[in-house]
Amino acid sequence: MKKVLLIFLILQTLGYSPLMMMQKSHADEIEGLSAVLPSQIGVWTAVPKDRIYDTDTIFSYIDGAGEVYRAYNMRSCLSRRYSSPNSPIIVLDIFDMGTSEDAFGVFTHDQDGSPVDVGQGGLYRPGWLSFWKGKYFVSIYVEEETAPAKKAMGELAKVVASLIKDQGSKPEILLHLPQEGLQSRSIRYLHHHALLNYHFYLADGNILNLDQHTDAVLAVYQRSGERAHLLLVFYPNVDKAAEAHKTLLLHYLPEAKSTGAVLLEDGKWSATGLKNKFLTVVLEADSRPLAEDLLREVLQNLS
Amino acid sequence: MDAGKKVITRRDFIRVGSCLTVGSLMGLPLMGRVSARESEKSRVILIREKEVFDSRGQLSETVLENMLDEAVTALMDAPGAVSAWKQLVKPTDIVGIKTNVWFHLPTPKPLEAAIWKRLLEAGVKKENISADDRGILGNSVFERSTVLINVRPMRTHHWSGLGTLLKNYIMFVPHPWMYHGNACEKLGAIWQLPHVRGKTRLNILVMLTPLFHGVGPHHFSSSYMWPYSGLIVSRDPVAADATGARIIQAKRNVFFGTEKPISPPPLHIAAASSQFGLGNSRADQIQLVQLGWEEDLLI
C-alpha cells in the first residue's frame, strides 16, 4: 500500500495523475488506430482531419446519444469522414469502450438489421453498418444510402476490422442464460436503469439499483409459441443483490412473497428469484409454467 | 432507492392502458391525475399540401407560406392571416421564435421567414423579433421576450422517444441533461420556469419530412424520412405533439409491417398533460381540424 502511495505521490509531483495517464493511454491507442486507417475507400477520400472525442466532448458530436456510449463506459471516439464528389459522405466512428464486454454491450443496444460477417458481429440497416471487435464498437454511417456507398461501407468495415488485432470476450453473465428458446438477437447487455427502460420499460425509479457496477442481461425467449422476457442482474456483492430484490418486491411484485409467480394485469406472468449475487426476474411470460421454468433453469445454471 | 418513494411502474401502465404501447402512453391519465385543462378540448390544425415539394423534392416557399397562413387563420377562426396573427401578438410584444437547428432536420428557413413576415405585419418591431435555438439563454430578445413562437420538425429521438415541441424548450435550461431521466419525462417542468411560463402563443410542429425511426450514434438515415408534407399548428403544445406522435407511430407500423412502438416511449407528452397541466394529450380531448391533402393521412 505504501509503495502504491509513493508511486502516486511521485507521479503527482511530476504533474501526472493516474486518471490522466489512463485517459492518455486510451487516446494514444485510438490515435494509433487513426494512423493506419485507410485514406481512400473506392472513390471516397478521407477528409482531414480525424476528430477524437472524450466522454465530455462526445455530446458536441452526437448530442444526447452520447449518453448511451457513456453508459457503457466509453473512453474515446475517433471520427473520420470520407467524401467524394456527388456522393454522400461516409462517416466512420470508432468507439474505444475500454472492454470487449462493453463493446459487445453497446452493439446489442440496437440489434435491428441484417447480419454482416465482419468483426465479432456486425449488422446492416439502411444507411448504417455497425460491428464490434475487441474493445471497439465501430459505426459506419451514410446520410443517404446509395449502392456504391453501401459497397464502400462494407469494404471499410472489413479494413477497420482487420486493423483491430485483438478479439474480445462477451460478458460472462451470458453463460447463465438458458439456451432453449433464447432469441439471440434479443440479447441486451447493459448496466444502467435508463437503458433497461429503453428496451423494457419497468419503472420510473431505479428499483433494481442498477449502476456502473452491475451487469445485466435482458433477453426474449420463445418456447412452443409462448414468449417471455428474462432479466438477469449480477451485483458486486450479496447485500446489494438482496437489497435490489427487496425493492423489486416492494414496488413491482408485492404478491410474489406469497404466491411465487405473479399474474400481471395483462394476463402475463412474472417471477423472481435471488441467488448469491444474482437477481433473476422473468418480467413477462405468456404462461405461469414458462415463467417458473425459466426462473428454475436460471437458478440451476447459477449453481 | 428510497423504499418510501412512490414509484410508477410498468404495472401501473398495464392497469390503465392494457398494454405498453405508445398509443396508450401518449393518452394516458397517469396515476389518475387529471390535466388542468381536461375540461376543454384543444384545437389542432393539421394541414397538408402535396405541392409543398416539387417533382425534384424541392420545398416550395410559396406553398409553405400559404399552408402556415391557412392553418393559423383556421386555428384563430379569423378572416385572414394578418388578423389571425394580430390575435396572437400585439405591436408592443417582444417575440422569440424558438427554432431547432439539428442539422439533419432543422426548422426550414422559409418557414422561419414566413413567421417573421407575419409578425412584422402584425406590428411587432423588427428589433423585437429573434429566431434562435442553442443561443437563447444569451439572446437579449429571448431574455426580454413577452411572447414565444415554438417551431420545429418532428423526429424520433434517442432519449425522449420523440423530438417534440415540448422538448424544443430544453435549451431554456443551462443543463439539459438534467431532464434526460426516465425518457425525459419531466420536460414539462421547463415550461413552468418563470422565464418560459405562459409566453407561448403558437406551436408549429413541422411535419414536412418527419423522421420516424433513428439508427446509430447519429440517429439519422434519410431512409426513415417521408414527405408527409404537413404542418400541425396549435396553441396547445401537448395536443400538437400527441397528434404528431400518433402519425409517427402509424407510419412506423406501416413501414415495419408490425406494431413498432416508438422507443423509448415519449412519456413526456402524457406527463406534460397529467403532471404539468400544459395541455391535452388524449385524442378525445383534441379537436382535430384537417385541411388539404388527405392521401395517407395516417390519423
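Numerical summary
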{"quantity": "Options A:LEU283, A:LEU274, A:LEU250, A:LEU279: the member that is out of contact with any Cys (no Cβ under 9 Å at 6 or more places or on another chain), open to solvent by 60 Å² or more (accessible area, probe 1.4 Å) and in a strand (DSSP E or B)", "calculated": "A:LEU274"}
{"quantity": "Checking B:LEU211 against (1) surrounded by fewer than 18 Cβ atoms within 10 Å (Cβ to Cβ); (2) more than 10 Å from chain A (Cβ to nearest Cβ), the condition it does not meet", "calculated": "(1)"}
{"quantity": "Enumeration of residues in segment A:162-196 that are within 14 Å of another protein chain (Cβ to nearest Cβ), touching a helix residue (DSSP H, G or I) at 6+ places or on another chain (Cβ under 8 Å) and either open to solvent by 10 Å² or more (accessible area, probe 1.4 Å) or not in a helix (DSSP H, G or I) (or both)", "calculated": "A:ARG188, A:LEU190, A:HIS192, A:ALA194"}
{"quantity": "Residue match in segment B:187-207 (condition: open to solvent by less than 10 Å² (accessible area, probe 1.4 Å) and part of a loop (DSSP other than H, G, I, E, B))", "calculated": "yes"}
{"quantity": "Failed item, numbered, when B:PRO227 is tested on (1) closer than 23 Å to B:HIS158 by Cα; (2) touching a strand residue (DSSP E or B) at 6+ places or on another chain (Cβ under 7 Å); (3) crowded, with 17+ Cβ neighbours inside 10 Å", "calculated": "(3)"}
{"quantity": "Answer residue from segment A:229-247, given it is open to solvent by less than 10 Å² (accessible area, probe 1.4 Å) and in contact (Cβ under 8 Å) with a residue 60 or more places away in the chain and is nearest to the chain's Cα centre (by Cα) among those", "calculated": "A:LEU232"}
{"quantity": "Qualifying positions in segment B:101-117 - more than 14 Å from chain A (Cβ to nearest Cβ) and open to solvent by 30 Å² or more (accessible area, probe 1.4 Å)", "calculated": "B:LYS109, B:PRO110, B:ALA113, B:TRP116, B:LYS117"}
{"quantity": "In segment B:168-182, residue farthest from the other protein chains (Cβ to nearest Cβ) [restricted to those that are open to solvent by 20 Å² or more (accessible area, probe 1.4 Å) and in contact with a Leu (Cβ under 8 Å, 6 or more places away or on another chain)]", "calculated": "B:PRO174"}
{"quantity": "Subset of segment A:116-159 [under 17 Å from the mean Cα position of the chain (by Cα), within 11 Å of chain B (Cβ to nearest Cβ) and polar (S, T, N, Q)]", "calculated": "A:SER130, A:SER139"}
{"quantity": "2 or more residues in contact with a strand residue (DSSP E or B) (Cβ under 8 Å, 6 or more places away or on another chain), crowded, with 23+ Cβ neighbours inside 10 Å and among the small types (Gly, Ala, Ser): qualifying helices (runs of 4 or more DSSP H) within segment A:50-112", "calculated": "A:100-108"}
{"quantity": "Unique match (being at pLDDT 95 or above, out of contact with any Leu (no Cβ under 6 Å at 6 or more places or on another chain) and open to solvent by 10 Å² or more (accessible area, probe 1.4 Å)) among B:ARG282, B:ARG246", "calculated": "B:ARG246"}
{"quantity": "A:LEU156, sole failed condition from (1) in a helix (DSSP H, G or I); (2) closer than 28 Å to A:LEU302 by Cβ; (3) at pLDDT 95 or above", "calculated": "(2)"}
{"quantity": "Evaluation of A:ILE94 against (1) within 12 Å of chain B (Cβ to nearest Cβ); (2) out of contact with any Leu (no Cβ under 6 Å at 6 or more places or on another chain) (one fails), failing number", "calculated": "(2)"}
{"quantity": "A:TYR141 vs. criteria farther than 30 Å from A:ASN86 by Cα, in a strand (DSSP E or B) and touching a Leu at 6+ places or on another chain (Cβ under 8 Å)", "calculated": "no"}
{"quantity": "Of all residues making up segment A:113-128, the number that are part of a strand (DSSP E or B), closer than 16 Å to A:ARG185 by Cα and either open to solvent by less than 30 Å² (accessible area, probe 1.4 Å) or among the hydroxyl-bearing types (Ser, Thr, Tyr) (or both)", "calculated": "5"}
{"quantity": "Out of A:ASP56, A:ASP63, A:ASP117, sole residue that is out of contact with any His (no Cβ under 9 Å at 6 or more places or on another chain) and either small (Gly, Ala, Ser) or modelled with pLDDT under 95 (or both)", "calculated": "A:ASP56"}
{"quantity": "Residue in segment B:268-280 that is in contact (Cβ under 8 Å) with a residue 40 or more places away in the chain and out of contact with any helix residue (DSSP H, G or I) (no Cβ under 7 Å at 6 or more places or on another chain) present", "calculated": "yes"}
{"quantity": "Options A:ASP266, A:ASP286; residue that is in the same structural domain as A:ASN209 (by TED's automatic domain parsing), modelled with pLDDT under 95 and farther than 27 Å from A:VAL238 by Cα", "calculated": "A:ASP266"}
{"quantity": "Candidates A:ALA152, A:ALA147, A:ALA157, filtered to the one that is open to solvent by 10 Å² or more (accessible area, probe 1.4 Å) and over 22 Å from A:ASN276 (Cβ atoms)", "calculated": "A:ALA147"}
{"quantity": "Any hit, segment B:220-241, residues being within 14 Å of chain A (Cβ to nearest Cβ) and in contact with a helix residue (DSSP H, G or I) (Cβ under 9 Å, 6 or more places away or on another chain)", "calculated": "yes"}
{"quantity": "Members of segment A:58-75 that are within 24 Å of A:ILE164 (Cα to Cα) and more than 15 Å from the chain's Cα centre (by Cα)", "calculated": "A:ILE58, A:TYR61, A:ILE62"}
{"quantity": "Residue match in segment B:136-157 (condition: among the acidic types (Asp, Glu), under 17 Å from the mean Cα position of the chain (by Cα), under 21 Å from B:ARG197 (Cα atoms) and more than 14 Å from every other protein chain (Cβ to nearest Cβ))", "calculated": "no"}
{"quantity": "Residues of segment A:251-303 satisfying the condition of being of a type in the set (D, E, K, R) and within 14 Å of chain B (Cβ to nearest Cβ)", "calculated": "A:GLU255, A:GLU265, A:ASP266, A:LYS268, A:GLU284, A:ASP286"}
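Conditions (1) of a type in the set (Ser, Thr, Tyr); (2) in contact with a strand residue (DSSP E or B) (Cβ under 6 Å, 6 or more places away or on another chain), marked per residue:
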site: A:HIS193; (1), (2): no, no
site: A:GLY205; (1), (2): no, no
site: A:ASP211; (1), (2): no, no
site: A:ALA219; (1), (2): no, yes
site: A:GLY225; (1), (2): no, no
site: A:TYR235; (1), (2): yes, no
site: A:PRO254; (1), (2): no, no
site: A:SER258; (1), (2): yes, no
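The values are calculated or read from the model by the stated rules, or taken from the named source; none is laboratory data. Since the model is a prediction, treat every value here as computed from it, not as a measurement. Don't worry about glycine lacking a Cβ; one is built from the backbone with ideal geometry, like all the others, and counts go over all protein chains shown. Heads up: the accessible areas ignore ligands, DNA and RNA and are worked out on the full protein's heavy atoms, side chains in. Shrake-Rupley method; radii C 1.70, N 1.55, O 1.52, S 1.80 Å.
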